[in-house]
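Engineer: Please read through the structure below; I'll follow up with questions.
All of the numbers you see were taken from the coordinates with simple rules; none came from a lab. These figures come from a predicted structure and were not determined experimentally. Cβ placement follows ideal geometry from the backbone for every residue including glycine, while neighbour counts extend to all protein chains displayed.
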Amino acid sequence: MHKYTNEEEILAALERQALLIEQKINKGLVTLEYLNDELPGASAISTHDTQEFKPVFISKKSLRIMQLNKTELLSQPLQTLSNIVFPGDFQKNAHWVARHLSGKYHQLPVSYIQRMKLYGKSTYTGIYTLSKKNSQTNNLMSIYLPIVNFGEMSFKFLRLLEENLYIKANYYRFAQLTNREKEIITLLALGFQNNEIADQLFISKSTVEQHRKNLKRKLEIKRFVDLIRFAQAFDLIY
């Protein structure tokens, strides 16, 4: 995974991830509940309608972070949120997002800052929020990241998202592999040559070459670095 070195790179990567998450969700390859369970710290993802910005999906983790009751939040969102959101922030940001959604670039993400009380504390925490309209459902997906230690938390967030989305997208390929093919992937990723793999597994060099052809077709990879990433993602090398 790329090591993000500055805030500009992080924000650009977050925008790319928002698009990727939308695509995976719409294809049924990942769920918001799953992603929320995997995200670090107080970072979270939720969805709202684009008319009144009422919650459509909110995870158990988010409710725990905000110390809110789901029934109350869904029935009286503005009143419930007013207890934890800094006065005026919700209305200001809702207006900003609504204006963005009515503009020329409504399908692109929009970002803003809001202040919220987390874990029942009396003080406010700045939350960087990235929102994107889902082109299929028309709901607004929002990614929340606490500004405290923003760079570190964002990197962890991006790393986990990229790893989990990669695994979800490639699991069906992994499931097609035989035990022998997994052994060969491990040895290839560790740098062994065809003749060395043949000696290790007590098979012919031509058999190894055939396995490599089959793996190239099954995994749909062209570069050695992609093979290493696949092996790491599925714990075939450590």
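Engineer: Say we look at the range 179-229 and pick out the residues that are in a helix (DSSP H, G or I), β-branched (Val, Ile, Thr) and closer than 23 Å to Ile167 by Cβ; which of these is farthest from the chain's Cα centre (by Cα)? So that I can check it myself, show each step before the final result.
Structural biologist: From the range 179-229, those in a helix (DSSP H, G or I) are 179-189, 194-201, 205-219, 224-229; that's our starting set.
From the residues that got through so far, the ones that are β-branched (Val, Ile, Thr) too are 184-186, 197, 207-208, 225, 228.
Narrowing further to those that are closer than 23 Å to Ile167 by Cβ: 184-186, 225, 228.
Working: Ile184: 30, Ile185: 26, Thr186: 26, Val225: 21, Ile228: 21 Å.
Filtering first and then ranking leaves Ile184.
Engineer: For the range 47-67, name all the residues that are aromatic (Phe, Trp, Tyr) and within 17 Å of the chain's Cα centre (by Cα). It would help to see each step written out before you state the result.
Structural biologist: Here is the first cut: in the range 47-67, the ones aromatic (Phe, Trp, Tyr) are 53, 57.
Matches in the range 47-67: Phe57 only.
Engineer: Ok, one more. Looking only at the range 167-202, count every residue that is surrounded by 15 or more Cβ atoms within 10 Å (Cβ to Cβ) and in contact with a His (Cβ under 8 Å, 6 or more places away or on another chain) and tell me the total.
Structural biologist: Counting residues in the range 167-202 that are surrounded by 15 or more Cβ atoms within 10 Å (Cβ to Cβ) and in contact with a His (Cβ under 8 Å, 6 or more places away or on another chain) gives 2.
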